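The values are calculated or read from the model by the stated rules, or taken from the named source; none is laboratory data. Note that the structure is a prediction, hence the values are computed from the model and not measured. Virtual Cβ from ideal backbone geometry, glycine too; neighbours counted across all protein chains shown. The area values use the complete protein model at the heavy-atom level, side chains included, leaving out ligands, DNA and RNA. Shrake-Rupley method; radii C 1.70, N 1.55, O 1.52, S 1.80 Å.
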Amino acid sequence: MERRKNYVERYGLTKIDYSCKENPFAGKVICGCCGSIFGRKVWNSTDERLRRYIWRCNRKYEIKGKKACDNKHIDDKVLYEAFINTFNMVLENKDYFKKKWEEHLDSDDLLKKYKAKQFIEIIEKAEPLVRFDADLLNILIEKMVVFDGGMIILSLMDGAVIECKI
Ligand SMILES: [Zn+2]
């Protein structure tokens with residue numbers, strides 16, 4: 001709860017930014033240029049076949065007089081792929097991550113300790129992901145920071161940071 005409270009304050013989130021089944025990345029995507037939150041927008045919404053979701057910095061178009069953010073938008077698909085690839089990378093390097101999490105089991109930081117135990121349990125019985133899993137995303141990922149030039153940095157709930165090239 002404390003982590004969540006700090007996170008919500010830091011990024012100025014409101015209740016509607018919280019993730020739900022239909023929009024699992026809500027509130028988790030952060031702009032690497034200005035630190036604002038990324039929001040999801042629909043393109044071509046009149047024709048369902050052409051409908052596309054994109055994410056862009058909420059400061060991209062601000063009212064005149066203020067400096068807007070230059071970060072580029074990214075496609076919804078990219079977030080799904082980044083998460084799946086990151087999870088599979090962690091799984092492939094299971095021994096390395098497990099060793100780190102085992103060290104956290106004695107931590108004074110309650111969240112770190114809790115997450116380490118949870119992560120070990122998950123990774124022990126995990127299979128490589130072929131399809132997106134929203135529950136796993138919520139358990140594992142605190143945020144995904146999107147940088148201009150094709151890079152996303154994923155922060156895991158245990159504090160680990162993983163770079164992902166788009
Ligand atoms: Zn921005």
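With every protein chain left in place, what is the accessible area per residue of the chain in square angstrom, probe 1.4 Å?
64
May I ask you to derive the relative contact order of the chain, considering only C-alpha pairs under 8 Å and at least 6 residues apart, and to give it as an integer percent?
19
Compute the separation of the alpha-carbon centres of the range 111-140 and the range 40-101 and state it in Å as a whole number.
Their Cα centres are 20 Å away from one another.
With contacts defined as alpha carbon pairs under 8 Å and 6 or more residues apart, what's the relative contact order of the range 52-107 in percent?
27
Could you list which residues have their amide H under 5 Å from that of GLU142, counting only those 5 or more apart in sequence or on another chain, with H placed in the peptide plane?
Under 5 Å from the amide H of GLU142 lie the amide H atoms of SER155, LEU156, MET157, each far enough along the sequence or on another chain.
If DNA, RNA and ligands are ignored and the probe is 1.4 Å, what is the ranking of THR46, THR14 by accessible area, most exposed first?
Descending accessible area places them as THR46, THR14.
As an exercise, find the ratio Rg/Rh for the range 2-165 from alpha-carbon atoms, using the Kirkwood inverse-distance average for Rh.
Rounded to two decimals, Rg/Rh equals 0.99.
Tell me the accessible surface of HIS73 in square angstrom (1.4 angstrom probe, heavy atoms of protein chains only), to the nearest ten.
For HIS73, the solvent-accessible surface is approximately 80 Å².
For every other residue with a beta carbon closer than 15 angstrom to the beta carbon of ARG51, add +1 if it is Lys or Arg and -1 if Asp or Glu, then tell me the sum.
Local net charge: 0.
Can you give me the % of accessible surface on the range 116-157 that is carbon or sulfur? Probe 1.4 Å, all protein chains present, nothing else counted.
C and S fraction of accessible area: 53 percent.
Give the accessible area for GLU48 in Å² (nearest 10); use a 1.4 Å probe, count only protein heavy atoms, and leave out ligands, DNA and RNA.
Roughly 140 Å² of GLU48 is accessible to a 1.4 Å probe.
Under a GNM of the chain (C-alpha, springs under 10 Å), which listed residue has the highest mean-square fluctuation: VAL78, VAL90, VAL130?
VAL130
Quick one: order MET89, MET157, MET1, MET144 from most to least accessible surface, probe 1.4 Å.
MET1, MET89, MET157, MET144
Loop only per DSSP, at most 11 neighbouring Cβ atoms within 10 Å: give me the trypsin sites (Lys or Arg not before Pro) in the range 52-159, ordered by residue number.
Those satisfying the criteria are LYS64, LYS66, LYS67, LYS125, ARG131.
Given +1 on the Cβ of Lys and Arg, -1 on the Cβ of Asp and Glu, and no further charges, what dipole in debye does the range 2-165 carry about its Cα centre, rounded to the nearest 20?
800
Give the residue list of chymotrypsin sites (Phe, Trp or Tyr not before Pro) in the range 1-85 that are DSSP loop and have at most 11 other beta-carbon atoms within 10 angstrom.
Passing sites in the range 1-85 are TYR61.
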